[in-house]
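Peer 1: First the structure, which I've put down as structure tokens, then a few questions once you've had a look.
Every number here is computed from the coordinates shown, using simple stated rules; none is lab data. It should be emphasised that the depicted structure is a prediction, and the values quoted were computed from it without experimental measurement. Glycine also receives a Cβ, built like all others from the backbone with ideal geometry; neighbour counts cover every protein chain displayed.
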Amino acid sequence: MATATAQVRADAAKVRAAEVSPMRRWAPLIGVGLIVLYCLAPFYWMVVSAFRRPADQFSNALIPRPFSLQNFKDVFSANNGFQRGLLNSLIVAGSVTILTLVIGMIAAYTLARLDFRGKNLVLAIIITTSMFPGISLVVPLLKLFINIHWINTYQAMIVPSLSFALPLAVWNLTAFFRQMPQELEQAAMVDGCTPAQAFRKVILPLAAPGVFTTAIITFIAAWNEFLIALSMTNKKSIQTANVIISQFTGTTGRDQPFGSQMAAGVVVTIPLVIAVLLFQRRIVAGLTAGGVK
Amino acid sequence: MTATAPVAERPAKEPKQSKRPQRFNEGTGRLAAILLSPTLLVLGLVVVFPIIMALRESLFTSGTKLDANGFIVKGSTFVGLQNYTDIFKGDTGHRFWNAAFNTTFFTVVCVVLETILGVAMALIMHKAFKGRGVVRASILVPWAIPTVVSALLWKWIFQADGIANTLLGTQILWSTEGWQSKASVIIADTWKTAPFIGLLVLAGLQTIPAEVYEAAKVDGASVWKTFTRITLPLVKPALLVAVLFRILDTLRIFDLPFVLVGAHKDSVETLSMLAYDEAFNTRYGPAAAYATLLFIYVAVVAYAFVKILGADVIGEARAKKPGGGGKAKKRRATAPEISAAAATNTGMGA
């Protein structure tokens, strides 16, 4: 029996060895090349366009020559209010992230550790709320915020953003907490910790990577938000970078200042791309924890 | 001490296991309620409450108008279902059905394209051993770019004398009304989200044990057969969840057509844009009616998807009913999955 399996395995190995033709060896690599090209080519075009001189805006050369930072200077010129927009984005996305983590962590830990009736219902409710279309929240909230004079305030952007950020964070954190062995708290409690202490002193430090990943994912989601920020503001000084970029106006009438828009896009995107490059493994783990079991 | 219990001692652990849930059940319900209340309260305030408010709002009309006696009426007036019936009438009706068609069209085309491309990407990444780190980093780039920025980027690419026309050798005015502006939205959306589906499917692929494929090979299954009979059924749970999220996401699409093509364009106006436009012009009643209709549409699609295809959205997070030691068993059952996932994550680090 054992020899038979060994025989089969050897045969299989032989078959496999015979099959590794050059085509088979190179196909995945070509595929990988295509994927990288697919993902990065448009992004590359944005970067290249940003570094052209405004006069060369419509040049389709693959490398910007002469190289110029003029577009970036234009973006940060005073009348755009772009710096302020970046700061606003940072305030809104940062507040959303912190609020979400503080509130969501407790819920996630509860969902990961406690057994109680209606747990499935709570999970279903949380995941369902993240599926609601943003506009059906924005329309009624817009009228409410007008009545209570919240238009053009940070809270008018932060509070509605919790609607998508909180389910996302709870979902990710639950997955992370669940991966930690329950024995950790038990050992802590044997040593005399209360459950709350066990959570604070043992689980939280160990869950730090998971919390950090969730923070990045939530921050990116909040940073990229557009509909709420667009609806709840009409003053430039309070608008987020995304809204400001979408409303850049050219110096010459109907012309779209694509050069400076691309430069602004690069400025807004680069921090995210750097974060993605640094923490890619964690982010992938976090994203897939939400979607895949 | 339970952590270090050797395998041989396992039967002796039984009484301990039945004790554990007991301890966790003492007042757990109340504790859980207290701990969950902040989250549920916030979600209630920012999600459930607005939805109900929108429903109420959609039954009112605001603004100045004359009542039956010729008096000027200001503020909100109750109009019952008039906002809804108005939606389906005349020009508004045409605009609504057009937006509903666009929303559905974008959703179907985008999700189909993204799923096919995403699965293809996942298969390639699964096969590739070299360049995994590079491919994973680059696949996250479209995901990380804000939709607004990607919309502007594609608007730039699709300029009359932009790179798209140069490469294609065409002179299409992409941003004008017609099929081309629809196509530009679909291309931009697919570019941004197909890699994301690829990522989720890849995670699903990596949980399939290699033995299954070996067995198929020994049995002489063709590549296509292996794909349709093994790969697809086994990644189906991951794929269904990814597709469901993409469907719901595309049904509420707003940023991309709004920035890429612009407002008030018949070819790309979606239900979200229509509702936004009404609200922007302070016609809150009709806006709320549109928003409510979109909400119902999304809810029906989500419900049908989960019911018909059995997408298990809660998945592993689903709890066994408390008691009966089910929890201990469940925990053990999921442990290999988790370690497989962990292996996945480290495996990709090459």
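Peer 1: Could you give the distance between the Cα centres of the range A:119-167 and the range B:145-190, to the whole Å?
Peer 2: A separation of 32 Å, based on Cα centres.
Peer 1: Can you give the mean number of other chain Cβ atoms that lie within 10 Å of the Cβ atoms in peptide B:153-162?
Peer 2: Average neighbour count from other chains, rounded to a whole number: 5.
Peer 1: Here is a further query. Long-range amide H contacts for B:Phe60: which residues qualify at under 5 Å (H placed 1.01 Å from N, peptide plane, sequence gap of 5 or more or a different chain)?
Peer 2: Close amide H contacts, sequence-distant or interchain: B:Val79.
Peer 1: If you don't mind, another one. If every alpha-carbon in chain A counts as one equal scatterer, what log10 I(q)/I(0) does Debye give at q = 0.06, 0.11 1/Å?
Peer 2: Values, matching the q order: -0.32, -0.86.
Peer 1: Please report the relative contact order for the range A:81-247, taking Cα pairs under 8 Å with a sequence separation of at least 6, and give it as a percent rounded to a whole number.
Peer 2: The value is 46 percent.
Peer 1: What is the distance in Å between the Cα centres of the range B:201-234 and the range B:247-262?
Peer 2: Comparing the Cα centres of the range B:201-234 and the range B:247-262, I get a distance of 36 Å.
Peer 1: While we're here: Going toward the positive end of the dipole of the range A:81-247, with +1 on Lys and Arg Cβ and -1 on Asp and Glu Cβ, which of A:Val243, A:Met180, A:Ile126 do you reach last?
Peer 2: Projecting each Cα onto the dipole axis, the largest value belongs to A:Val243.
Peer 1: Please arrange A:Val139, B:Val235 by how many other C-beta atoms lie within 10 Å of their C-beta, fewest to most.
Peer 2: By the 10 Å Cβ count, ascending, the order reads B:Val235, A:Val139.
Peer 1: Roughly how big is the range A:158-261's charge dipole about its Cα centre, with Cβ charges of +1 (Lys, Arg) and -1 (Asp, Glu), in debye to the nearest 20?
Peer 2: For this selection, approximately 340 debye.
Peer 1: Now for a different question. Per residue and in cubic angstrom, what volume does the convex hull of the Cα atoms of the range B:95-313 have?
Peer 2: Value for the range B:95-313: 144 Å³ per residue.
Peer 1: Assigning unit charges at the beta carbon (Lys, Arg +1; Asp, Glu -1) and nothing else, what dipole magnitude in debye, to the nearest 20, does chain A show about its Cα centre?
Peer 2: The calculated dipole for chain A is roughly 280 debye.
Peer 1: Only helices at least 24 Å long along their own axis, judged from Cα atoms, and with Kyte-Doolittle mean hydropathy of 0.0 or greater: name those in chain A from DSSP H.
Peer 2: Helix filter hits for chain A: A:22-50, A:82-113, A:154-179, A:204-223, A:258-278.
Peer 1: So how do A:Phe219, B:Phe60, B:Phe101 line up by other beta-carbon neighbours within 10 Å, fewest first?
Peer 2: B:Phe101, B:Phe60, A:Phe219
Peer 1: So how do B:Asp312, A:Asp115 line up by other beta-carbon neighbours within 10 Å, fewest first?
Peer 2: In order of increasing Cβ crowding within 10 Å: B:Asp312, A:Asp115.
Peer 1: Taking every residue in A:123-130, how many Cβ atoms of other protein chains lie within 10 Å of its Cβ, on average?
Peer 2: Going residue by residue through A:123-130 and averaging, the value is 6.
Peer 1: I'd like the distance separating the alpha-carbon centroids of the range A:79-109 and the range A:168-240, in whole Å.
Peer 2: Comparing the Cα centres of the range A:79-109 and the range A:168-240, I get a distance of 13 Å.
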